[in-house]
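Visitor: One structure follows; several queries about it will come next.
The values are calculated or read from the model by the stated rules, or taken from the named source; none is laboratory data. What you see is a predicted model, and the numbers here were worked out from it, not measured in a lab. So basically every Cβ, Gly included, is an ideal-geometry build from the backbone, and we count neighbours across all protein chains shown.
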C-alpha cells in the first residue's frame, strides 16, 4: 500500500522544478456583466506571462469584477505590445479592456503549471 501524498500549496519542489506549459490566446469583445474574460488554469500556476496584442490596452486583475478592480486600483495595465511575467500561484485570473468603449482587445497567456490541484481564490 502506498502512502503517496498529493502535492499541496506548501510543496516547495513544485515551484523549484520547471512547470508544464499551458498557452492560450483570448479575445475580450465586451465586459460581459463587468467581469471581462476569465482565464482558468487546470492546476496552480508557477509563473504566468501575459502579452497584450497590438491595438489592445488591457487590465489584468485577480477578482471577477472589472469595475471593482478599476475603482479600487487592484489591477495592472498592459499597453498594446507590452508583456509581463509574474511568479504567482493562482488558479485563475481575469483580463478586461482598459476602456470599455475601445474595440476588441486580445492577449496571449503562457503559464508554467505545477501538479497542485487546489483552487486558489482571491475573491472576498
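Visitor: Looking for whichever is in contact with a strand residue (DSSP E or B) (Cβ under 7 Å, 6 or more places away or on another chain), closer than 11 Å to residue 95 by Cβ and modelled with pLDDT under 90 here; the options are 52, 66. Which one fits? Show your work before the answer.
Guide: Working: 52 fails: modelled with pLDDT under 90.
Going through 52, 66 in turn, just one is in contact with a strand residue (DSSP E or B) (Cβ under 7 Å, 6 or more places away or on another chain), closer than 11 Å to residue 95 by Cβ and modelled with pLDDT under 90: 66.
Visitor: Still on this model: Residues that are out of contact with any strand residue (DSSP E or B) (no Cβ under 6 Å at 6 or more places or on another chain), at negative phi and modelled with pLDDT of 90 or more: does the stretch 69-81 have at least one?
Guide: Yes.
Visitor: Provide a single number: the residues in the stretch 26-49 that are at pLDDT 75 or above, touching a helix residue (DSSP H, G or I) at 6+ places or on another chain (Cβ under 6 Å) and part of a loop (DSSP other than H, G, I, E, B).
Guide: Residues in the stretch 26-49 being at pLDDT 75 or above, touching a helix residue (DSSP H, G or I) at 6+ places or on another chain (Cβ under 6 Å) and part of a loop (DSSP other than H, G, I, E, B): 1 in total.
Visitor: If I ask for residues that are within 13 Å of the chain's Cα centre (by Cα) and assigned to a loop (DSSP other than H, G, I, E, B), which ones from the stretch 62-107 would you list?
Guide: Within the stretch 62-107, 62, 63, 64, 75, 87, 88, 89, 90, 91 qualify.
Visitor: Right, here's the next one. Restricting to the stretch 108-122, name every residue that is part of a strand (DSSP E or B) and over 11 Å from the mean Cα position of the chain (by Cα).
Guide: Initial filter on the stretch 108-122 (part of a strand (DSSP E or B)): 108-113.
Answer for the stretch 108-122, where residues must be part of a strand (DSSP E or B) and over 11 Å from the mean Cα position of the chain (by Cα): 112, 113.
Visitor: Mind listing whichever residues of the stretch 83-113 are over 14 Å from residue 48 (Cα atoms) and surrounded by 14 or more Cβ atoms within 10 Å (Cβ to Cβ)? Full working, then the answer.
Guide: Start the filter on the stretch 83-113 by keeping residues that are over 14 Å from residue 48 (Cα atoms), which leaves 96-106.
Matches in the stretch 83-113: 96, 97, 98, 100, 105, 106.
Visitor: Further question on the same structure: Can you tell me how many residues in the stretch 12-25 are surrounded by fewer than 16 Cβ atoms within 10 Å (Cβ to Cβ) and modelled with pLDDT of 65 or more? It would help to see each step written out before you state the result.
Guide: Within the stretch 12-25, the subset surrounded by fewer than 16 Cβ atoms within 10 Å (Cβ to Cβ) is 12-13, 16-18, 20-21, 23-25.
From what is left, the residues that are modelled with pLDDT of 65 or more are 13, 16-18, 20-21, 23-25.
Selection size over the stretch 12-25: 9.
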